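Trainee: Encoded as structure tokens, here's the structure I'll be asking about.
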Amino acid sequence: MPEPFSLAPSGQWDGNDGHWSSFSIKLGTPERSYRVFPDTFGYDSAIPSAKGCKPDDPKDCIKWRGADDQGFKSEDSKSWDEIGEYVTSFVDELEGPSYAIYGLDTITIPIEGGGTHKLEKQAIAMIEEKKPFIGSLGLAPVTSEYLNNTKSGPSVMEALRDQKLLPSVSYGYTAGAYYKNPKVQGSLTFGGYDASRLDDDHDSVRFPFAFGPAVPQEHENITVGIWAIEATGTQTPGTDSFHHDKNSLVGVIDSSISHFWFPSSLCETFEKNFGLTYNKETDFYTIDDKTHDRLVKDKASVKFTLGYPNMKGDPFEVTFPYEALNMEPSWPLYKDAKRIFPMRKNKNGSADYPATLGRTFLQEVYLMVNYDKSEFELHKAVLDNVGKADLQTIDDKAWEEEDAEGATAGGASKSKKGKKKGFKIKLKTPVIIGIAVGAGVLIILAVVVLCCIKRKKGPKKMKGSYESLRGAAPVAMKAFQDNHRTGAPQPYAPYIAGGNHGHGA
């Protein structure tokens, strides 16, 4: 059976909206090195192109964007096979779509400790715009098919599994912590997890996928119920309860986003109690020097309590010190660095729209995802005295067998290093699937109610979008699930751009 392996971190801290631990990959023939962030939501791999920095940009623009010497030039790679211009899968729900030139090329993954894995014909999005600012490595096991094009490219996870380089379609990831002394680099393990990064003094919790195996390609499977948010060290004495309701707010864990995205009402509560200032021009919450000094002195913190419907056992709890919430953005967000609180209003500021728990959340949390079993785990991450890597395998059978020391299915379990942990989970989240077949086009619409909330996320209406092309041809995504693939149209798949880079319909 293949062994799990870790992707080597770059050793650098990148990003224009905070300091984030990046990872190194190589792309093309001949190979060039690029720094990327793991993307728990997406399936594409994205790299800034050579045109991603303009003549009037700062001279170090391309280095800030993760390239050692230059952005990606497709004409310089002998293995590049161009597909065309599409809307990317990493659409920013707040700022609109991102466009890219898609093609197939070779990704080389450096293994921490030595060696590489070479993956040919990988789908690559060559980004000219500055969103995303740093390249990304999609972790969802999805193959994209492109409208009016017969070419397709598997995700990194699928390619690794197809080449029998993984014991399971799974990974473990924590984002690292720039604010710790010493700084803690991120950790990404394929086919298993790094037990040295799991804090045994805190209970872990296993969650079922929100959509379950019936809709395995749905990105938002890694979804939790946000039961409570509490804060200490704010402008009011004692503990402030910002949110306390098991049925009113769900959150998608999405490391392609740096910060938290919350409903307007919750953002305003944070603003008032922490003494933040909302900047309408940038849509960020800033922290002035006086407020910063007070929050440091009072040791401010924010505690999340997370669960899911009908769970047994205790929910997952994690506390973020103020240091983890004090971000310094840079160009092009700000010409001069200012302190910001890692929070933005979600789409339309609606309480009915899911929250997003971005990369900030994964500073203090270790995420373990098993696509083969439609489950994921949350652990408190070790950030002090991190030991030598201790990679443990997640295989297809390990998560079926109940650990003798585990808790009741669906409840909390104490993490034990060196043990294959697992217990059966019966998915209890309701999933309703409607299927319509016409003119050879299969359209699957998944309507999911999680925590009694209607999920209102949907495709954007723009030229070339899924909405306008629905009657023309399927835009399919195929997901690896239990050793077979199933395809379905999906509003987050790449769509033909149609030459229009606007936001209108």
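The values are calculated or read from the model by the stated rules, or taken from the named source; none is laboratory data. Not measured: the values here are computed from a predicted model. When we count neighbours, we look across all protein chains shown, and the Cβ atoms used for this are built from the backbone with ideal geometry, even at glycine.
Trainee: Looking at L442, L391 in this structure, which one is touching a Pro at 6+ places or on another chain (Cβ under 8 Å), among the hydrophobic types (A, V, I, L, M, F, W, C) and modelled with pLDDT under 50?
Mentor: On the way: L391 fails: modelled with pLDDT under 50.
From the options L442, L391, the qualifying one is L442.
Trainee: It is to be established whether one or more residues within region 46-63 are buried (at least 23 other Cβ atoms within 10 Å of the Cβ) and among the charged types (D, E, K, R).
Mentor: Checking region 46-63: not a single residue is buried (at least 23 other Cβ atoms within 10 Å of the Cβ) and among the charged types (D, E, K, R).
Trainee: Okay, next question. How do the strands (runs of 3 or more DSSP E) wholly within region 109-152 filter down when requiring 2 or more residues that are surrounded by fewer than 17 Cβ atoms within 10 Å (Cβ to Cβ), acidic (D, E) and free of Cβ contacts under 8 Å to residues at least 12 places away in the same chain: which remain?
Mentor: Values: elements: 116-127, 135-138, 142-145.
The strands (runs of 3 or more DSSP E) meeting that bar number zero.
Trainee: If you don't mind, there's one more thing I want to ask. Residue under question is L165, and the condition is that it be touching a residue at least 24 places away in the same chain (Cβ under 8 Å), out of contact with any Asp or Glu (no Cβ under 8 Å at 6 or more places or on another chain), part of a loop (DSSP other than H, G, I, E, B) and not polar (S, T, N, Q); does it hold?
Mentor: Working: touching a residue at least 24 places away in the same chain (Cβ under 8 Å): yes; out of contact with any Asp or Glu (no Cβ under 8 Å at 6 or more places or on another chain): yes; part of a loop (DSSP other than H, G, I, E, B): yes; not polar (S, T, N, Q): yes.
Yes: the conditions hold for L165.
Trainee: Moving on. So, R161, is that one among the basic types (K, R), in contact with a strand residue (DSSP E or B) (Cβ under 8 Å, 6 or more places away or on another chain), in the same structural domain as G113 (by TED's automatic domain parsing) and modelled with pLDDT of 90 or more or not? Please lay out each step first, then the result.
Mentor: Numbers: among the basic types (K, R): yes; in contact with a strand residue (DSSP E or B) (Cβ under 8 Å, 6 or more places away or on another chain): yes; in the same structural domain as G113 (by TED's automatic domain parsing): yes; modelled with pLDDT of 90 or more: yes.
Yes: the conditions hold for R161.
Trainee: Six or more apart or on different chains, Cβ atoms under 6 Å: show the pairs whose first residue is in region 39-59 and farther than 22 Å from S74 by Cα and free of Cβ contacts under 8 Å to residues at least 12 places away in the same chain and whose second is of a type outside the set (F, W, Y) and buried (at least 16 other Cβ atoms within 10 Å of the Cβ).
Mentor: Close Cβ pairs (under 6 Å, with a partner that is of a type outside the set (F, W, Y) and buried (at least 16 other Cβ atoms within 10 Å of the Cβ)) do not exist here.
Trainee: In addition: Restricting the search to region 319-335, which residues are closer than 13 Å to Q363 by Cα and of a type in the set (S, T, Y)?
Mentor: If the condition is that a residue be closer than 13 Å to Q363 by Cα and of a type in the set (S, T, Y), then T319, Y322 are the ones that fit.
Trainee: I would also like to ask the following. Might you check whether a residue that is closer than 22 Å to N326 by Cα, among the hydroxyl-bearing types (S, T, Y) and crowded, with 20+ Cβ neighbours inside 10 Å occurs anywhere in region 5-23? Write out each step before concluding.
Mentor: From region 5-23, those closer than 22 Å to N326 by Cα are 11-22; that's our starting set.
Narrowing further to those that are among the hydroxyl-bearing types (S, T, Y): 21-22.
Retained after the next criterion (residues that are crowded, with 20+ Cβ neighbours inside 10 Å): 21-22.
Scanning region 5-23 turns up at least one residue that is closer than 22 Å to N326 by Cα, among the hydroxyl-bearing types (S, T, Y) and crowded, with 20+ Cβ neighbours inside 10 Å.
Trainee: Within region 355-383, which residues are in a loop (DSSP other than H, G, I, E, B) and under 12 Å from I257 (Cβ atoms)?
Mentor: Residues of region 355-383 that are in a loop (DSSP other than H, G, I, E, B), as a first pass: 358-360, 364, 371-374, 382-383.
The answer is G358, R359, T360.
Trainee: Taking region 326-370, which residues are at pLDDT 95 or above and aromatic (F, W, Y)?
Mentor: F341, F361, Y366
Trainee: Among the listed residues Y308, Y278, identify the single one that is without any contact (Cβ under 8 Å) to a residue 60 or more places away in the chain, in contact with a strand residue (DSSP E or B) (Cβ under 8 Å, 6 or more places away or on another chain), of a type outside the set (S, T, N, Q) and in the same structural domain as E377 (by TED's automatic domain parsing).
Mentor: Values: Y308 fails: without any contact (Cβ under 8 Å) to a residue 60 or more places away in the chain.
Step by step, each of Y308, Y278 is checked, and only Y278 is without any contact (Cβ under 8 Å) to a residue 60 or more places away in the chain, in contact with a strand residue (DSSP E or B) (Cβ under 8 Å, 6 or more places away or on another chain), of a type outside the set (S, T, N, Q) and in the same structural domain as E377 (by TED's automatic domain parsing).
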